[in-house]
Amino acid sequence: MPNMTHPHKKGRTISDLPTEVLDIILTKLPFVDTIRSSAVCSSWNSATTQAPLCPQTPWLMLPSDQEHDFTTRRFFNLAENKVYKMKNVFEGLGNDVWCVGSSHGWLVILDDEANPHLFNPFSRVQIQLPLFTNELANVNNLRKSFITKAILLADPSRSNDFVVVMIYDYDFASRLAFYKQGDKTWTKLVGANQDYCDIICHDNQLYALADNRSVEVWEFQSSPTKIMSIEPSILPKDVDKFPRNNNISTKFYLVKTSNDDVLFIERFIGNFVNAQGLVVDESYLLSSDDTQPLGVLDVATFVPLAYGLEASSNLSTSP
């Protein structure tokens with residue numbers, strides 16, 4: 001019987017898959033499978049850095065489960081309900097690496113000397129960021145505590161025009177500074193507010209939440225431009241749900257849902273109080289022989305109210 005093998009199909013492998021077909025496949029894969037696909041061959045590795053990613057469930061970075069192990073990190077994948085362990089993650093950066101934020105699979109970290117880096121824990125790629133000037137962090141041994149949060153507005157693996165934005169504490173105020181790819185220094189972001197409590201990236205734009213509950217929206221296509229300022233519109237019935245007094249603290253956050261909605265979260269926290277009902281620091285309630293608080297206000301430590309961020313430029317109650 002004659003050989004029916006087609007000459008033009010001889011030697012074809014999975015690496016010869018058409019690019020447009022491969023892109024369709026990669027856009028359907030969860031993050032872990034995308035990482036695995038990058039190891040198939042050089043063409044697949046290149047494609048994984050260019051094909052659009054499907055929406056991903058966030059991962060949580062956890063410390064090692066072994067005592068005195070400062071080099072291992074565990075990553076909890078919510079979608080799989082599985083923990084991945086990585087050894088020597090921050091090799092070369094010291095044993096006191098501090099993570100101040102994450103976006104697009106990258107971590108914003110401070111090394112032993114509090115110098116900032118972008119770091120991808122999967123590819124192990126590092127990008128050195130400009131050092132902080134004394135104007136941004138004026139006490140060397142406290143520099144890590146001055147950086148509240150940092151985010152990226154684009155994936156450095158896929159864009160040469162990424163931006164890093166951070167909240168830093170200076171002169172009793174929480175302000176914003178940014179670094180744009182190619183800059184030599186951090187630049188202060190001058191806005192309407194000087195006290196910010198949270199920042200997120202949404203649609204490649206910066207959403208900055210101020211202490212007065214207002215939200216500023218910035219874009220960085222050329223120079224930073226504030227394109228919208230959103231004032232809260234909270235219903236009176238929600239204001240009355242929890243007492244606002246000296247025994248209750250509140251914190252504000254911006255979060256993104258799996259449906260790509262932006263929510264404003266107000267968190268109510270019960271403070272530590274003494275026998276007279278006065279708010280005190282936790283250490284005040286600890287005796288020298290005990291590590292348990294002697295008295296705590298009977299209020300849940302995390303009671304959130306969620307409000308949706310709508311196109312009408314108002315914050316309205318989320319259903």
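The values are calculated or read from the model by the stated rules, or taken from the named source; none is laboratory data. All values derive from a computational prediction rather than experimental measurement. Here the Cβ is made from the backbone with ideal geometry for all residues, glycine too, and neighbour counts use every protein chain on show.
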Could you check region 43-129 for strands (runs of 3 or more DSSP E) lying wholly inside it with 3 or more residues that are closer than 24 Å to Thr148 by Cα and among the hydroxyl-bearing types (Ser, Thr, Tyr)?
-> none
Note on region 125-148: residues surrounded by fewer than 18 Cβ atoms within 10 Å (Cβ to Cβ) and at pLDDT 85 or above are Val125, Gln126, Ile127, Gln128, Pro130, Leu131, Thr148
Cβ-Cβ under 6 Å pairs, at least 6 apart or on other chains, region 68-90 side exposed (fewer than 13 other Cβ atoms within 10 Å of the Cβ), far side part of a loop (DSSP other than H, G, I, E, B) and not β-branched (Val, Ile, Thr) | none
If you take the residues in region 155-175 that are touching an Asp or Glu at 6+ places or on another chain (Cβ under 9 Å) and crowded, with 19+ Cβ neighbours inside 10 Å, which one is nearest to Asn204 (Cα to Cα)?
-> Phe162
For Asn77, which of the numbered conditions (1) at pLDDT 75 or above; (2) at positive phi fails to hold?
-> (2)
Here are Val40, Val21, Val32: which of them is outside the structural domain of Ser102 (by TED's automatic domain parsing), modelled with pLDDT of 75 or more and surrounded by 14 or more Cβ atoms within 10 Å (Cβ to Cβ)?
-> Val40
Tally, over region 156-212, of residues that are without any contact (Cβ under 8 Å) to a residue 40 or more places away in the chain, of a type in the set (D, E, K, R) and under 16 Å from Val100 (Cα atoms) | 2
Filtering region 185-215 down to residues that are assigned to a strand (DSSP E or B) and touching a Ser or Thr at 6+ places or on another chain (Cβ under 6 Å), which residue is farthest from Ala150 (Cα to Cα)?
-> Tyr196
